[in-house]
Amino acid sequence: MAGKRTFTMIKPDATSAGHTGSILKIIEEAGYKIIAMKKTQLSSSRAGQFYAVHQERPFYNDLCAYMSSGPIVPMILEKENAVEDFRKLIGATDPQKADPGTIRALYAKSIEANAIHGSDSDDNATIEGDFFFSDLEKY
Ligand code: CDP
Ligand code: MG
């Protein structure tokens, strides 16, 4: 399945603002099939595990607090060229720099509360999908 799957999560700012449905619509209209999805909430330490690659960055502690501040909607998605196309669909990390029409341009509140995550490689898509959906053989 290399190249066909990516992992995403709708972040606390966008779920609490009621943007889940609008974001799902954009994702499905872009041709992604939802393979797995749930609504859940991370503890601060689990958010820290998910973003461990950023643990030396100055924004890490704030990011862990923010990512555990409310419900999120993690998903595994499927489409050809899934990872790269999804990064284009969500736009730049900083919503001020995100192209018009991208999910972050439409719904992000700030560089931290930027509405949605998208895996940056096929390997990370698998690792991140497994992080939330350990019963993956079902999908
Ligand atoms: O999510 P993306 O891959 O676009 O960005 P990242 O560089 O991997 O950073 C992960 C997350 O950390 C971002 O999505 C933001 O929520 C947060 N972040 C932040 O709070 N401040 C920054 N200067 C950069 C990232
Ligand atoms: Mg990243």
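Of note:
- Residue within the stretch 96-103 that is among the small types (Gly, Ala, Ser) and over 18 Å from residue 40 (Cα atoms) present: yes
- Neighbours by Cβ (under 6 Å, 6+ apart or cross-chain): first from the stretch 23-39, more than 19 Å from residue 114 (Cβ to Cβ); second of a type in the set (Phe, Trp, Tyr) and surrounded by fewer than 16 Cβ atoms within 10 Å (Cβ to Cβ): 35/139; 36/139
- Residue in the stretch 48-55 that is assigned to a helix (DSSP H, G or I), closer than 17 Å to residue 110 by Cα and at pLDDT 95 or above present: no
- Residues in the stretch 48-61 that are within 17 Å of the chain's Cα centre (by Cα) and of a type outside the set (Ser, Thr, Tyr): 48, 49, 50, 52, 53, 54.
- Checked against the criteria, residue 79 does not count as of a type outside the set (Gly, Ala, Ser), touching a residue at least 24 places away in the same chain (Cβ under 8 Å), under 21 Å from residue 54 (Cα atoms) and surrounded by fewer than 20 Cβ atoms within 10 Å (Cβ to Cβ).
- Qualifying residue in the stretch 122-132 (condition: out of contact with any Ser or Thr (no Cβ under 7 Å at 6 or more places or on another chain) and part of a loop (DSSP other than H, G, I, E, B)): no
- Residues satisfying the stated conditions in the stretch 106-138, i.e. closer than 21 Å to residue 46 by Cβ, touching a residue at least 12 places away in the same chain (Cβ under 8 Å) and away from ligand 1 (no atom under 13 Å from the Cβ): 126, 129, 131, 132, 133, 136
- Exclusive hit being within 16 Å of ligand 2 (Cβ to nearest atom), under 19 Å from residue 63 (Cα atoms), open to solvent by 70 Å² or more (accessible area, probe 1.4 Å) and of a type in the set (A, V, I, L, M), set 111, 90, 116: 111
- Restricting the stretch 13-44 to residues that are open to solvent by less than 20 Å² (accessible area, probe 1.4 Å) and in a loop (DSSP other than H, G, I, E, B), the residue that is nearest to residue 83 (Cα to Cα): 32
- Hey, residue 103 within 12 Å of ligand 1 (Cβ to nearest atom) and open to solvent by less than 40 Å² (accessible area, probe 1.4 Å) or not: yes
- Residue count for the stretch 45-64, restricted to those that are surrounded by 12 or more Cβ atoms within 10 Å (Cβ to Cβ), more than 8 Å from ligand 1 (Cβ to nearest atom) and hydrophobic (A, V, I, L, M, F, W, C): 3.
The values are calculated or read from the model by the stated rules, or taken from the named source; none is laboratory data. As the structure is a prediction and not an experimental result, all values here were calculated from the model. Reconstructed Cβ throughout: ideal geometry from the backbone, glycine too, with neighbour counts over all protein chains shown. Remember, those area values only see protein heavy atoms, side chains included, never the ligands or the DNA or RNA. Shrake-Rupley method; radii C 1.70, N 1.55, O 1.52, S 1.80 Å.
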